[in-house]
1. Would the stretch A:2-12 turn up any residue that is more than 14 Å from chain B (Cβ to nearest Cβ) and of a type in the set (D, E)?
2. Report, by residue number, each residue of the stretch B:124-148 that is modelled with pLDDT of 85 or more, under 21 Å from B:A43 (Cα atoms) and not in a loop (DSSP other than H, G, I, E, B).
3. Show me the helices (runs of 4 or more DSSP H) found entirely inside the stretch B:181-247 where at least 1 residues are touching a Lys or Arg at 6+ places or on another chain (Cβ under 8 Å), basic (K, R) and within 14 Å of B:E296 (Cβ to Cβ).
4. Report, by residue number, each residue of the stretch B:466-497 that is of a type in the set (G, A, S) and buried (at least 23 other Cβ atoms within 10 Å of the Cβ).
5. Failed condition for B:S121, given (1) modelled with pLDDT of 80 or more; (2) not assigned by TED's automatic domain parsing to the domain that holds B:C56, with all others met?
6. Quickly run through the stretch B:38-61 and pick out the residues that are free of Cβ contacts under 8 Å to residues at least 60 places away in the same chain and either crowded, with 18+ Cβ neighbours inside 10 Å or among the aliphatic types (A, V, I, L, M) (or both).
7. Out of (1) surrounded by 16 or more Cβ atoms within 10 Å (Cβ to Cβ); (2) more than 29 Å from A:G50 (Cα to Cα), what's the single condition that is false for A:I278?
Amino acid sequence: MRIDRTHKGWFIASLVIFGVVLLLYGIYRVPDASQSMGGTATGLWFGSVGFAFMIFAGLLGARKRVPVYRLGRAQTWMRGHLWLGLLSLPLILFHSGFRYGHGLTALLMTLLILVVASGIFGAALQHYMPRVMTREVTMETIYDEIDHVRAQLLEEAEGLMKQVGGGGKSAASEDQGEPGGIAVAVADEATPVRNFYERELKPFLEEPGVHRSALADAALARGAFTQLRALVPASLHTTIEDLEGICQEERQLTLQARLHLWLHGWLLVHIPLSLALILLGAVHAVMALRF
Amino acid sequence: MLFEELKDIERQPDGTPVAAEDLLRLPVFKDISPQFLKKNANATVWRHFRRGDVVCREGEFGSTAFYILEGKASVELATPIAHVKAQGRPTGFLTRLTSKLVSRLAPREEDRREDEADRRSIPIDAPVDLAYDHPVAELGPGELFGEMTCMNYYPRSATVRAVTDCTMLEMLRNVLDVLQKSKAFRAQLDETYRRRALDSHLRDVSIFRGLTQDFIDHLRDRVELVRFAPGQVICKQGDPADSFYLVRLGFVKVSEGYPGGELVLAYLSRGDYFGEIGLLGGGTRTATCSALDHVEVVRISAEDFRAMVEKYPTVRSGLERIARERQEANRERLRMVRSVPLESFLAQGLMEAQSLLVLDLDKCTRCDACVTACADSHDGVTRLVREGLRFENFLVATSCRQCRDPLCMVGCPVGAIRRRNSLEVIIEDWCIGCALCSKNCPYGNINMHSFAVQAEDHENPGHKKAVVQKKATTCDLCTEHAEPSCVYACPHDAAHRVEPRDFFAESLGQRVGRAGRVRG
């Protein structure tokens, strides 16, 4: 979510809450290092409110699962998730009296720091990355359709090569000829295009992420295509332009997939850690209150 | 028997071409050149149907017309008379929280939509219209059906079934085209129309309901049926207004010239009318009306029109009101054209849109929550696709734009897709699911929704069977809720339903639009 001036209300409210709890902590904090802050009434209050904020933040996932339910606009939930989730960190720190603890409490503190840190990292990514994607990936498609579009690009390229037609096998396919077979190379004007396609472009289109192809780099690809143009007559330049277009679209798809991974990949860390934090936090609350 | 001449003609098996000599014995073919009929020997064939046989089915594509020689046929709509409604308006607290929209078929009696056209009949591709409450009619000898399909390649508008054993001529476009130029055939078609359809045609226009039977009888012999070829101008902007027109067949484009181009104001189909503004106003045409395809109009002369509005003040006031509304809407459109200079805005058709679903790509994380919400709201079938044209940093999602120039309406064989006065696109109850509107929408924003319904089983009379019927659906803006689900479910404040001109006002160098530039 973009953190812009529309967050002003949430920012001020969070600042006020933070100021109040900071004041309360200043008044009620336990100066004696041997005593636990969490065991005091104020400490318990900090812990309860911090945990409630965490649960609220965690409920965003549930809210997204029922998008049609009129439980409040999803963006309100998202803003709450960001700001209340962030506030849970100082609250829990005040609850613990800035002590790391041992065993479960230490684990909880580690989890909390990781969750908040991954959350801030994710928020920053979701603040900047959409703009990067909009600017850099002008041929964006639906993420789930990327494989399908790739298959279409390959098909299109194959079609272009069929149109080029002409002489016999390319040098590349000759090399892979059956042992003992007689490979007859028939050179024609289109041979450089076919060779380039078989050796460079086709592997790049088939498995764009696997091979370290020069075509993955825009500048290198431009150079390669310019060189190719110089080797063939002008009648083949349109085909080369089309192949270059396909290559560029493939690069865009690769970039989109990478940016998409950045945009959503961090959730693979954030969500499981959050769930573990809430679960263990509940265990901690029950144990602390009961024993 | 209508055609005594049939006695002398030997019937040939089904599908056999009709000999030119046999055709020439029929009165309707008497003006046709024998050479033409001989050259097109295979273009007209015998068709024999036994009682209960289906001649053609609604929604199917075809290229022929049928002319009944003997027997009777019923013409009906098999698709349920109902529109797709998103149900789920919350009533209690809990349902308000958890309400989910479910698409279902709702007949008009059950769900009368606001601002609904008060149609009493359904226009079809035959000399009769079907009554809305009982969409079945009978056709007999001497009647032609399937003209629109044959001439314009539109889908069949209704299902025709033989009521008795029938003999028909099935003809291709070249024959029908020549027949329609024949005086004898035209006279017979005109007579059939005046006798069978003029009443319902006039009465279907709400402002003409006040006409007495006497006056309609008076008009019956005075109106003229005029045909126009595709592209032909029916009346031109600035010309003197001399007639009032009712569309009987085909589609009429109403456009207005403006510096630098032409602006389409409306598409009119069967049952619509035009020409009243010129007759009631200054006496000159305010727009150009031209035939989009093969069009036939009922022409009422200026003299009869004036007699009508003088005799029936309610008709006059109704026409004046409609004329005022149309003029105001036209003025608004022209104002807009003149004030929106941006080429790309125009090129993307955004100026034509009244409501756009835009995604701010600088905020959108491509999480697809909008698509999921739309699918969840409509039985798992999304009515939006997160793909489309970009304007600045906004993606114009594939979702109904409520176009001002609604190409989706062109070609509907039963005139089921129309606009409300608010210009919102609405699909009427008698949609036959032919999917032509879906194909015509330039932005791919109309989907076909399948429903299982109980239909009459003609193989086992008296029994019903489950069949899948399709109805066209488009974004309904989740009107059951205060805000469209796609917008409501966007966690990143990226999805908005907007009025494009207001929303993009700053980009277009205009002053910022009215309050509430973002709807939803």
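1. There is no residue in the stretch A:2-12 that is more than 14 Å from chain B (Cβ to nearest Cβ) and of a type in the set (D, E).
2. Selection gives B:L144, B:F145, B:E147.
3. B:183-196
4. Selection gives B:A472, B:S485, B:A489, B:A494, B:A495.
5. (1)
6. B:A41
7. (2)
Conditions (1) buried (at least 24 other Cβ atoms within 10 Å of the Cβ); (2) more than 30 Å from B:D362 (Cα to Cα); (3) among the polar types (S, T, N, Q), marked per residue:
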| site | (1), (2), (3) |
| --- | --- |
| B:D376 | no, no, no |
| B:L389 | no, no, no |
| B:T398 | no, no, yes |
| B:P406 | no, yes, no |
| B:V410 | no, yes, no |
| B:A416 | yes, yes, no |
| B:I427 | no, yes, no |
| B:W430 | yes, yes, no |
| B:A435 | no, yes, no |
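The values are calculated or read from the model by the stated rules, or taken from the named source; none is laboratory data. Just so you know, these numbers come straight off a predicted model, no measurement behind them. Ideal geometry is used to build each Cβ from the backbone, glycine not excepted, and the neighbour counts take in all protein chains shown.
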